[in-house]
Amino acid sequence: MSRRFDGRMWARWGFVIVCMLFVIFVTNEVIQVALLYDDKQTMDARGNWIESVAVRQGKVQVDEFESSFSQFAKKEHIQLTLYNRDRKLIYSSTGKEKKTLDQIAGLRESGDFLVYIKALKSDGAKVGYLKINGYRTSIVGLGLVYCLLAAAGIALLYYRDYLVLSYARPIRFASRMVENLLEGSYNMIAPDHVKRESILRLNLALNRMSDAMHEINRSYTRQQDSMTTLIENIGNGLLFVDGVGRINYVNHTFKEDFQTRATHWELADYHEVIPYDEVRKMIDEVFETKEKLARQLQFTVHIERKHFDISCAPILNKHKKIRGIVVVFHDITAIKKLENTRKDFVANVSHELKTPVTSLIGFTETLLDGAREDKELEDQFLHIMLHEGRRLQSLITDLLELSKIEREHFVLQWAPVSLSDVLESVLLILREKAEAKKIKLEYLQGDEGVVAGDAFRIRQIMINLISNAISYTPENGTVTIAIHERKSEADLVISDTGMGIEQDQIPRIFERFYRVDKARSRDSGGTGLGLAIVKHLVEAHDGKIHVTSVPGKGSTFTITFNKSST
């Protein structure tokens, strides 16, 4: 930077000096031309006087005017020479001139002298010639003036550069300081010990501005951090849509509620990325009406059905134009589930208890009315009563187990668990049930799958899922189990060739008492609570459960466990 600046400075200096010398040269030439013109006028006047005196009766007469010519030459400080018509010398004030004139008429310069030659005429005819040698007119001290002018010009140029440099450095520093301030850097401090008052005032103003901007930035950062913390931890999902329909912000709660990273949402049009028609329609309506809107909507999020209380509020400027829209998603799934549980629990339990209780009462009354006399009928009734009693016991056991899991103080016994070891013990228990239906239990041995968890609860998950797979798979079907280990997780995959599940039913299969095929489930002795228990136990392990199914071809349940407890 400094080298480039020095190069420009020297180029400017050279240009200015050349221009200055050119101006001095032109001025000097003009002055010399003016002096020469003045000398010519003077010579013409002298020549005219001498001609008027010397020319008499058609010839040049010198004898009687010789003393006058000598006095005139001495007075004017010139050398006077006269020639006749044939250019022969007839008079010389110095006596040193050539005898013959070999020059033509005119004015010529010869060093510091001027040579003036004029043809003397009488009645238009040349009668002789006049030659005058005299000093050129010069201005004393003109060279000194030129030197002084050149020195003054150089001094002015130097002073101008001095002034420019004295202001340029502070201005360059000020520009760098302002650029740093705009970039958020406040480490530059302008010096406060400069001599020039204007520069001092500029530096003090820059320091005050730096301090003020630093404080504003700190305050803004604190407020932004507070606002970000508030928005991220408010407990509700938030979307910010700007005035042209682009999504500016998606908070962490929204991503968790809808199980999405939403990395491609920001600065995208909400019509293109929000997957729910009802939400898009609400935003459209707020854009049209510019009024707040609130609704309760239900969405399917992966395997769950969630309920949200959604509020859309417009952000208006002073001209009542929409600058953006805030969309708040309040997850009320738990509240809805609690309401539904309160409404449906008695009905569901009553319905589930009704069949076994009715059977027990009916067969008991029949036996009391005399059926005991028929030993074969009595034995049949007692077996039915035993089956219904066990079913009633299983239902009560599952209800108590689910209640226990849902309690706040429910704690897992964390330890490293080998999924393959637990699975082998579970297969020994369920192999007889599978063989009774002629179902092939196929374990694709591979990874051991050591995870962090509670071995007893993981065993309970496996029993419920594999037992379900056997129950919903027709005879001669296949249930396949595999374990896939990854870097930080391990998957337990259970697939069957059973009846399958419709896509719209998958989110509901983990609800209490929900059955895909109620009659078949009841016939198989199911209580409708097994998958609800599985879901709660998987969540207690901080795991994930994923279901894929094709109706008529079977289902696949994938449970993901972590290798370390979180």
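What to note about this one:
- Answer from LEU157, LEU239, LEU202 - the residue that is of a type in the set (A, V, I, L, M) and closer than 23 Å to ARG323 by Cα: LEU239
- Filtered by the rule that a residue be modelled with pLDDT of 70 or more and either open to solvent by 60 Å² or more (accessible area, probe 1.4 Å) or touching a strand residue (DSSP E or B) at 6+ places or on another chain (Cβ under 7 Å) (or both), segment 1-16 gives ARG8, TRP10, ALA11, ARG12, PHE15.
- Matching residues, segment 411-425, being open to solvent by 50 Å² or more (accessible area, probe 1.4 Å) and not acidic (Asp, Glu): VAL411, GLN413, TRP414, PRO416
- Whichever residue in segment 321-356 is touching an Asp or Glu at 6+ places or on another chain (Cβ under 8 Å) and part of a helix (DSSP H, G or I) and, among such residues, is modelled with the lowest pLDDT: THR355
- Scanning segment 34-89 for residues that are of a type in the set (A, V, I, L, M) and either touching a residue at least 40 places away in the same chain (Cβ under 8 Å) or not in a helix (DSSP H, G or I) (or both) yields LEU35, LEU36, MET43, ILE50, ALA54, VAL55, VAL60, VAL62, ILE78, LEU80, LEU82, LEU89.
- Looking only at residues of segment 463-480 that are in contact (Cβ under 8 Å) with a residue 40 or more places away in the chain and more than 13 Å from SER555 (Cβ to Cβ), we find that the one that is farthest from the chain's Cα centre (by Cα) is SER467.
Yes/no matrix, rows are residues, columns are (1) in contact with a Cys (Cβ under 7 Å, 6 or more places away or on another chain); (2) closer than 25 Å to TRP414 by Cα; (3) buried (at least 18 other Cβ atoms within 10 Å of the Cβ):
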site: LYS438; (1), (2), (3): no, no, no
site: GLU442; (1), (2), (3): no, no, no
site: ASP454; (1), (2), (3): no, yes, yes
site: MET462; (1), (2), (3): no, yes, yes
site: HIS484; (1), (2), (3): no, yes, no
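- Selection count, segment 122-150, where residues are in contact with a Gly (Cβ under 9 Å, 6 or more places away or on another chain), surrounded by fewer than 14 Cβ atoms within 10 Å (Cβ to Cβ) and outside any loop (DSSP other than H, G, I, E, B): 1
- Against the criterion of being within 21 Å of LEU529 (Cβ to Cβ), assigned to a helix (DSSP H, G or I) and among the hydroxyl-bearing types (Ser, Thr, Tyr), SER425 does not qualify.
- Checked against (1) out of contact with any Ser or Thr (no Cβ under 8 Å at 6 or more places or on another chain); (2) modelled with pLDDT under 70; (3) surrounded by 13 or more Cβ atoms within 10 Å (Cβ to Cβ), ASP398 passes all but a single condition, namely (1).
- Matching residues, segment 533-548, being over 40 Å from the mean Cα position of the chain (by Cα) and open to solvent by less than 20 Å² (accessible area, probe 1.4 Å): ILE533, VAL534, LEU537, VAL538
- Residue in segment 235-244 that is among the charged types (D, E, K, R), within 30 Å of HIS271 (Cβ to Cβ) and either without any contact (Cβ under 8 Å) to a residue 60 or more places away in the chain or in contact with a strand residue (DSSP E or B) (Cβ under 6 Å, 6 or more places away or on another chain) (or both) present: yes
- Residue match in segment 285-296 (condition: more than 30 Å from SER185 (Cα to Cα) and touching a helix residue (DSSP H, G or I) at 6+ places or on another chain (Cβ under 7 Å)): yes
- Considering segment 47-79, and only residues there that are under 16 Å from LEU114 (Cα atoms) and in contact with a strand residue (DSSP E or B) (Cβ under 6 Å, 6 or more places away or on another chain), the residue that is most open to solvent (accessible area, probe 1.4 Å) turns out to be GLN79.
- Selected residue (criterion: most open to solvent (accessible area, probe 1.4 Å)) from residues of segment 317-336 that are among the charged types (D, E, K, R) and touching a residue at least 12 places away in the same chain (Cβ under 8 Å): ARG323
- For segment 90-105, the condition holds for no residue, the condition being that it is assigned to a helix (DSSP H, G or I) and open to solvent by less than 30 Å² (accessible area, probe 1.4 Å).
- One residue from ASP211, ASP277, ASP225 being under 27 Å from HIS546 (Cβ atoms) and acidic (Asp, Glu): ASP277
- Residues satisfying the stated conditions in segment 496-536, i.e. among the aliphatic types (A, V, I, L, M) and either on the phi > 0 side of the Ramachandran plot or modelled with pLDDT under 65 (or both): VAL516, ALA519
- Filtered residues of segment 220-261 (kept if of a type in the set (D, E, K, R) and within 16 Å of PRO314 (Cα to Cα)): ASP242, ARG246
The values are calculated or read from the model by the stated rules, or taken from the named source; none is laboratory data. Keep in mind that this is a model prediction, so the values were computed, not measured. Every residue, glycine as well, gets a Cβ built from its backbone with ideal geometry; the counts of neighbours run over all protein chains shown. With ligands, DNA and RNA removed, areas are computed over all heavy atoms of the protein, side chains included. Shrake-Rupley method; radii C 1.70, N 1.55, O 1.52, S 1.80 Å.
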